[in-house]
1. Pairs please, first residue from segment 389-404 and under 17 Å from Pro378 (Cα atoms), second anywhere and loosely packed, with under 12 Cβ neighbours inside 10 Å, Cβ atoms under 7 Å, 6+ apart in sequence or on different chains.
2. Quick one: in segment 49-72, of everything that is among the charged types (D, E, K, R) and within 15 Å of Phe34 (Cα to Cα), which residue is farthest from the chain's Cα centre (by Cα)?
3. Counting only residues that are under 21 Å from Gly84 (Cβ atoms) and surrounded by fewer than 23 Cβ atoms within 10 Å (Cβ to Cβ), how many does segment 342-355 have?
4. Looking for something of a type in the set (Phe, Trp, Tyr) and either more than 27 Å from the chain's Cα centre (by Cα) or assigned by TED's automatic domain parsing to the domain that holds His32 (or both) - is there at least one such residue anywhere in segment 375-398?
5. Just to be sure I understand the filter: pairs with C-beta atoms under 8 Å, separated by 6 or more residues or on different chains, first member in segment 153-176 and under 15 Å from Ala110 (Cβ atoms), second member surrounded by fewer than 24 Cβ atoms within 10 Å (Cβ to Cβ) and at pLDDT below 80. Which pairs pass?
6. Which pairs turn up if I take residues in segment 240-262 that are assigned by TED's automatic domain parsing to the domain that holds Met283 and farther than 15 Å from Val139 by Cα and look for partners that are surrounded by fewer than 17 Cβ atoms within 10 Å (Cβ to Cβ) and of a type in the set (A, V, I, L, M) with beta carbon separation below 6 Å, at least 6 apart in sequence or on another chain?
7. Among the residues of segment 8-60, which ones are touching a Lys or Arg at 6+ places or on another chain (Cβ under 6 Å), surrounded by fewer than 20 Cβ atoms within 10 Å (Cβ to Cβ) and hydroxyl-bearing (Ser, Thr, Tyr)?
8. Before we move on, is Glu275 more than 17 Å from the chain's Cα centre (by Cα), of a type in the set (D, E, K, R), farther than 19 Å from Val175 by Cα and assigned to a helix (DSSP H, G or I)?
Amino acid sequence: MADGDRVIKKVATSQLRPGMYIHDLNCGWMDHPFASKRFKIDNSKAIKKIADSGIREVYIDTSKGLDVESAPTAQQAAQAREAGLQQVAEAARRSPKASKVSVAEERAKALVVQTEAREVVTALMQDVRLGRQIEVARVEPIVGDMVDSVFRNKDALISLGRIREADQYTFQHSVNLCVLMVAFAKGLGLDRDTINKIGVGAMLHDIGKMKVPEEILNKPGKLTEDEFSVMRGHVNIGANVLAESPGIDPLSIAVAYEHHERWDGTGYPRKLKGEEISIYGQMSAIVDVYDAITADRCYHKGMHPTDALGRLLEWSQHHFNPKLVQSFIQCVGIYPVATVVRLESGRLAIVMEANQDDMLKPLVRLAYDTNKNTFLAPRDVDLARSSATQDRIVGYETPEKWGIKVDVVMGSKSTP
C-alpha cells in the first residue's frame, strides 16, 4: 500500500523501535488498551505495552516514522492472506457435504428464531443486572430451535446476523455467537447434545458484562486503561454467575470462561496456552473475534467478513488454533451469504447460497451494474454452472457505497 513515499509495512513486535509510527495495531478493538490504533512510539515503554497486550505483529507507516527495510508491505500481507484463503477454499472441496434446504426456504423460520433469541437474551441479561439467578431452562429451548435451523441451513441464520443495530451490540453479539458456534460445531461433526451445550454457553458468554458499570459498557469511545481492566473482568464475573446457575453444564461454562484465551498464552483471564484451552474455548475465541470485528460500532466501522476471515487466518500464526480457523472459514465461506461481491463483468451481486463444492463459486443475486451505474432487476446466477463461467468473483464491496439494501434484495423474487 503505497502513496508517494508513504508505505505501510507489517513488522513483528520484536522489531519495533522508538521513532516508528504505528498505523494499525492489527488486533480486535477489545484486545488492546491504547486510546488509538495509530500513534508514534516515543519510548520503549510503549513497545512493552504492545507486547504485553499479546500483539505479535503491527503495521507501521514509514512516511511518519522509522522503517524496517526487510518488512513486507501491507499489500504483500494482503496478498498472502488472499492466497491463504484460496488454499482453504481448495481444501474445502475435499470435505464431506451435507444435504440441506435452501436459504430462501429457511429464512422466514430463521427470522422468527432470531427474534425470539434476542428477546430471551435481553430478558436474561436484565435479570442478571438486577441480581437474579439465570434460569438455564429458559435458554435451552431457544438454543434447540437455533440448532434445528442451523441443521436445516446454517446460512439463513448466519446471514440474518449481518443485520445489526449499533445500540444493541451486546445482545445481538450473544445471539450471533450462538449461531456461529452451533454452525461451527456442526461443521466439525460434533454430536447434537454437545452442540446444544455449546450453544447455551455461547448465548451466555457475555453475561458478566451485565455487572460492568453501564458508563463503561456503553461508553461511546475508547476505554481508559482502568476502564479496560474493569471490562476484562466480565469474564471471571460471568463464569461465577454461570457456575451458580442450577442446571448449567461445565462445557457451557468453558465456552464462556475461555473465549478470551489465546493459543499462544497471551489471552485472559488465566493465560491458558494451546491444549490447556478446551476445544470449546478455542472455538469461542475464534468466533468471538470474528463477530466483534465485523460489527459496526458507534466509534468504528466493522471489517468486511472476507477481510475479517483473512485476518483470522493471519492471526492464527499466534493467537488461534490454525486448524480450527481453517475449519471455521470453511464453515462460513470466504464470501459468506449476504456478502456483496464484485463480478468480473462489473456487476455487483449478493451471495445467496454457498456452493458446497466450490467456495469461490456461490449462487449470487445480481443487484447493480457499475458500468452503467444502475440497479439491476434481481436475478440469480449460479457461478458454478457452465453457462456462467464467463463471470467470476474478483472481490467484495460494501453495500453502503452503492446504496444496495441487502435485506431487501435477498427478500425479493428473482426474475427468470
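The values are calculated or read from the model by the stated rules, or taken from the named source; none is laboratory data. This structure is a prediction, so every number in the text was calculated from the model and none was measured. Note: ideal-geometry Cβ built from the backbone for every residue, glycine included; neighbour counts use all protein chains shown.
1. Sorted first by the residue in segment 389-404, then by its partner, the pairs are Asp391/Glu344.
2. Lys49
3. Result for segment 342-355: 2.
4. Scanning segment 375-398, I find at least one residue that is of a type in the set (Phe, Trp, Tyr) and either more than 27 Å from the chain's Cα centre (by Cα) or assigned by TED's automatic domain parsing to the domain that holds His32 (or both), so the answer is yes.
5. Asn153/Lys100; Lys154/Lys100; Gln172/Arg164; Gln172/Glu165
6. Listed pairs, sorted by first residue: none to list.
7. Thr13, Tyr21
8. Details: more than 17 Å from the chain's Cα centre (by Cα): yes; of a type in the set (D, E, K, R): yes; farther than 19 Å from Val175 by Cα: yes; assigned to a helix (DSSP H, G or I): yes.
So Glu275 fits the description; yes.
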